Every structure is written in C-alpha cells, then in structure tokens.
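Right, one structure below, let's go through it.
Bear in mind that the values in this text are calculations on the coordinates, not laboratory data. Just so we're clear, the structure is a prediction, and the values are computed from it rather than from any experiment. Cβ atoms come from the backbone with ideal geometry, glycine included; neighbour counts cover every protein chain shown.
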Amino acid sequence: MKAKWMLTAFFVIATSALAHAGGPPPMYVVVDKVLKDTGKKVPGWIQIWGTFTRAERSVDKAGNVSTVFSKPVYGYIYLSLPKNHDSKLIEELKDWEKAAGSGKAVAVGSCGDAGSMLKAPIHQPNEAVTQPDAVYTTELLRLWGDLYATGQLANQPEVKALLKFSKERK
C-alpha cells in the first residue's frame, strides 16, 4: 500500500511539474557579455552577446512537421527595454549579467515561447546595428526552476552541442 501511495505521489508531482513548465525551452544561450545603455539613469536597451541555439519548425518531404534546433551561432541580440522597469525586469537583467562568462547554458522560455528572444535576429559580431530589433519580453527566465539548463535539460542534444561549440570557439 505504501509503495502504491508513493507511486501516486510521484506521478502527481511529476505531472504537475511538467504542466507548470509546459514544453521544453525553445532557446538556449551561453552568455559571454551583456551591454546596456549606460548613458541614462534607466537603461533603454540591452545587447546579449554569446552563443545561441533556437528551436525551428522543420517540415520534411512527406510534410511531417517537427522541431529541430539550429546549429549554434555566435553573435548578439539587440533589444530595447520596456519603459516600466518593474522588479521582474530588474531581476532578469541581473540574471543575464550573472550568466555572462559563466560558460553555462541559459534556458529561455517554455512551450515554444521565448518572446522577442526567439524572434529577434542574431547579429554577427562585426555587424553594426543602430537600433534595437524588438522590445525585451520579461518572465521567460527561470521557468524551469533555475536560470541554467540543469537536470534533464542539461542532457538534451541541443544543450550539449551549444556548450561544445561555445567551448571550442574560445
């Protein structure tokens, strides 16, 4: 009876964690550096530099749809920041800065949604961009309980490929 109760408890915990998390993160980033607009009291933009991989929709010759991750690429994403700097945005900016130089993969988003991070272009390092491409979307970090791709996420092929590429690039 005790084993049956424990099995039921495990199932409830596991399914509620999956329901909360939704699908897997559609984007991972190994952050090298974070640049912010420092000319103002409140920053107006952010550039996240590092190695990126994103989920992309793929359709094979038979018309079957699947999700595959892009090959890792080095560059930066340039986003404007929302005008209201609420506590969630402030915490996320600190998280990005914390991740810079850590060599760890940051998990962004869940269930196919990573907001502007998924839609903004990843610019080449030598590409000069004069204005942000989109507005930063908050509440897409720590959806899996941690800032980084740990636990089951760390074993995903796209995370392993991203970390390997990032390490070899240096």
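Which condition from (1) surrounded by 13 or more Cβ atoms within 10 Å (Cβ to Cβ); (2) in contact (Cβ under 8 Å) with a residue 40 or more places away in the chain is the one that S116 breaks?
With respect to (1) surrounded by 13 or more Cβ atoms within 10 Å (Cβ to Cβ); (2) in contact (Cβ under 8 Å) with a residue 40 or more places away in the chain, S116 is out only on (2).
Within the range 75-90, track down each residue that is touching a Lys or Arg at 6+ places or on another chain (Cβ under 9 Å) and either loosely packed, with under 13 Cβ neighbours inside 10 Å or outside any loop (DSSP other than H, G, I, E, B) (or both).
Of everything in the range 75-90, just one residue is touching a Lys or Arg at 6+ places or on another chain (Cβ under 9 Å) and either loosely packed, with under 13 Cβ neighbours inside 10 Å or outside any loop (DSSP other than H, G, I, E, B) (or both), namely Y76.
D146 versus (1) surrounded by fewer than 17 Cβ atoms within 10 Å (Cβ to Cβ); (2) touching a Pro at 6+ places or on another chain (Cβ under 8 Å): which is the lone unmet condition?
Single failed check for D146: (2).
I need every pair where a residue in the range 77-92 that is in contact (Cβ under 8 Å) with a residue 12 or more places away in the chain has its Cβ under 8 Å from the Cβ of a residue that is among the small types (G, A, S), sequence separation at least 6 or different chains.
I77/A120; Y78/A120; L79/S116; L79/A120; L79/A134; S80/G44; S80/A134; L81/G44
Taking the range 149-170, which residues are charged (D, E, K, R) and buried (at least 19 other Cβ atoms within 10 Å of the Cβ)?
E158
Looking only at the range 49-74, count every residue that is more than 14 Å from the chain's Cα centre (by Cα), in a strand (DSSP E or B) and at positive phi and tell me the total.
Of the residues in that region, 0 qualify.
Before we move on, is G23 farther than 29 Å from T150 by Cβ, of a type in the set (G, A, S) and not in a strand (DSSP E or B)?
Judged against the criteria, G23 is not a match.
Pairs please, first residue from the range 145-164 and free of Cβ contacts under 8 Å to residues at least 12 places away in the same chain and assigned to a helix (DSSP H, G or I), second anywhere and surrounded by fewer than 19 Cβ atoms within 10 Å (Cβ to Cβ) and basic (K, R), Cβ atoms under 7 Å, 6+ apart in sequence or on different chains.
As it stands, the answer is none, since no pair meets every condition given.
Count, please, the residues in the range 123-144 that happen to be assigned to a loop (DSSP other than H, G, I, E, B), within 16 Å of the chain's Cα centre (by Cα) and of a type in the set (A, V, I, L, M, F, W, C).
3
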